[in-house]
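Input: a single structure, listed below in structure tokens.
The values are calculated or read from the model by the stated rules, or taken from the named source; none is laboratory data. This is a predicted model, so every value here is computed, not measured. Note that each Cβ is placed from the backbone with ideal geometry, even for glycine, and that neighbours are counted across all protein chains shown.
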Amino acid sequence: MTILLTGAAGFIGSHVTEGLLQRGYTVIGLDNLDDQYDPALKRRNVRLFQDQPTYQFLRGDIRDQSVVEAILQQYDCDTVIHLAAQTGVRPSVQNPALYFDVNVTGTLSLLEAMRKTGVRRLVMASSSSVYGDSERVPFREDDRADRPLSPYAASKRSAELLTHTYHHLYGFDVACLRFFTVYGPRLRPNMAISQFTERILNRLPITLYGDGSTVREYTYIDDTVTGISNVLNTLHGFDILNIGGFETVSLLKLVQLIEQATGEQALIDWQPMQPGDVRQTSADLNHAYAYAGYAPSVRIEEGIPRFVSWYKQAVAQLPLG
Ligand SMILES: NC(=O)c1ccc[n+]([C@@H]2O[C@H](COP(=O)([O-])OP(=O)(O)OC[C@H]3O[C@@H](n4cnc5c(N)ncnc54)[C@H](O)[C@@H]3O)[C@@H](O)[C@H]2O)c1
């Protein structure tokens, strides 16, 4: 099976590449290596796999529909895993148009390219942020997701809606996967776990928003890859699945785990909650289990030390900030 993987050079994309190659797939990676964070990190991710005969990396933009069409045809792809996006809640508040251009118009361009070339299987990255400040916890896929709190969340929900239209009109098989704060080696340097680790190791203050009681469901990257790969085997019709982690953790507990793993104490600069942030994320995983046998296995007590030890090695090779 040949898969077009958009966003292949990014954090999750690099792990999905690795997981798919190990499982015997041919992977065509597409990424524009944008500068949302240092593109040198993305080039380093791509280099990890460049010698593998069943991997081809192409630099390009999902918004160039004719380019995507040519790739789907030339490589005879039968499935698309769509991870390319403008990511992050807070920067989307500053630059909503870019988020809609890439995450909504870009997804539409990809869907059109698939329609024109007869590719009908799509697994797409969505986000827990689409639930907004949902009252019912844990979040279930049939909860209302029509009160997004940030342009990022609104763009991800809009992309989900578009994929449903292509399922309805053209019979696409689609799974929209709502990821819950994914972390692990090669994490984006602009994510909280990366920044806390960097600053705590360097004995610099970290900024915590709110009072530390906000809660997140953190998912170790290996579990996310397992989720995606399981879904590839059972993909049918249209569905939305929570691909979450083992447990939820408060912000303060997260910082304590990083302190333990680094052996350093955090200096904390407290600030008010940020616009667009949600108070809590938590995934009900029953549907993902029923659909694809998905069950996460990595506890945060294991995952954070694994991340910190990767970080220390990686930072010795290339600055991550
Ligand atoms: N990491 C998380 O915690 C998390 C949580 C929820 C959802 N997601 C979603 O998972 C996906 C992957 O996230 P990530 O954490 O690996 O982020 P990432 O930024 O590391 O990866 C995204 C990649 O997409 C590429 N890209 C951006 N615009 C593009 C375009 N127009 N054309 C081609 N490539 C483009 C970027 O260069 C980048 O390499 C995203 O869709 C994100 O919204 C991630």
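Restricting attention to the stretch 168-197 and to residues that are in a strand (DSSP E or B) and in contact with a Ser or Thr (Cβ under 8 Å, 6 or more places away or on another chain), the residue that is farthest from the ligand (Cβ to nearest atom) turns out to be Val174. Selection over the stretch 237-267 of residues that are among the hydrophobic types (A, V, I, L, M, F, W, C) and loosely packed, with under 13 Cβ neighbours inside 10 Å gives a count of 1. Considered as a group, the residues in the stretch 268-300 that are in a strand (DSSP E or B) and buried (at least 16 other Cβ atoms within 10 Å of the Cβ) include one that is modelled with the lowest pLDDT, and that residue is Gln280. Residues considered: Ala85, Ala113, Ala70. Of these, the only one that is small (Gly, Ala, Ser) and without any contact (Cβ under 8 Å) to a residue 40 or more places away in the chain is Ala70.
When restricted to residues that are within 11 Å of the ligand (Cβ to nearest atom) and in contact with a Lys or Arg (Cβ under 9 Å, 6 or more places away or on another chain), the stretch 221-237 contains 1. Being near the ligand (Cβ under 10 Å from one of its atoms), within 14 Å of the chain's Cα centre (by Cα) and surrounded by 23 or more Cβ atoms within 10 Å (Cβ to Cβ): is that true of Met124 here? Yes, satisfied. Each residue in the stretch 5-41 was checked for being among the small types (Gly, Ala, Ser) and more than 7 Å from the ligand (Cβ to nearest atom), and 6 pass. Given the criteria touching a His at 6+ places or on another chain (Cβ under 6 Å) and not aliphatic (A, V, I, L, M), does Thr6 qualify? It is true that Thr6 is touching a His at 6+ places or on another chain (Cβ under 6 Å) and not aliphatic (A, V, I, L, M). Taking the stretch 46-114 as the region of interest, the helices (runs of 4 or more DSSP H) fully inside it that hold 2 or more residues being polar (S, T, N, Q) and either more than 10 Å from the ligand (Cβ to nearest atom) or at pLDDT 95 or above (or both) are 65-74, 89-94. Every test in (1) more than 16 Å from the ligand (Cβ to nearest atom); (2) assigned to a helix (DSSP H, G or I); (3) of a type in the set (Asp, Glu) is passed by Glu160 save one, and that test is (1). Looking at Asp61, Asp78, Asp51, Asp38, just one residue is over 16 Å from the mean Cα position of the chain (by Cα), within 15 Å of Arg186 (Cβ to Cβ) and surrounded by fewer than 21 Cβ atoms within 10 Å (Cβ to Cβ), and that residue is Asp38.
Considering (1) among the small types (Gly, Ala, Ser); (2) surrounded by fewer than 16 Cβ atoms within 10 Å (Cβ to Cβ); (3) in contact with a Gly (Cβ under 6 Å, 6 or more places away or on another chain), the lone condition that Ala8 does not fulfil carries the number (2). For the stretch 127-139, does any single residue satisfy the condition of being outside any strand (DSSP E or B), surrounded by fewer than 19 Cβ atoms within 10 Å (Cβ to Cβ) and among the hydrophobic types (A, V, I, L, M, F, W, C)? Among the residues of the stretch 127-139, at least one is outside any strand (DSSP E or B), surrounded by fewer than 19 Cβ atoms within 10 Å (Cβ to Cβ) and among the hydrophobic types (A, V, I, L, M, F, W, C), which makes the answer yes. Taken residue by residue, the stretch 250-262 has no member that is touching an Asp or Glu at 6+ places or on another chain (Cβ under 9 Å) and not in a helix (DSSP H, G or I).
Any idea which of (1) at pLDDT 95 or above; (2) not in a strand (DSSP E or B) is the one Val123 doesn't satisfy? Just one mismatch for Val123, condition (2).
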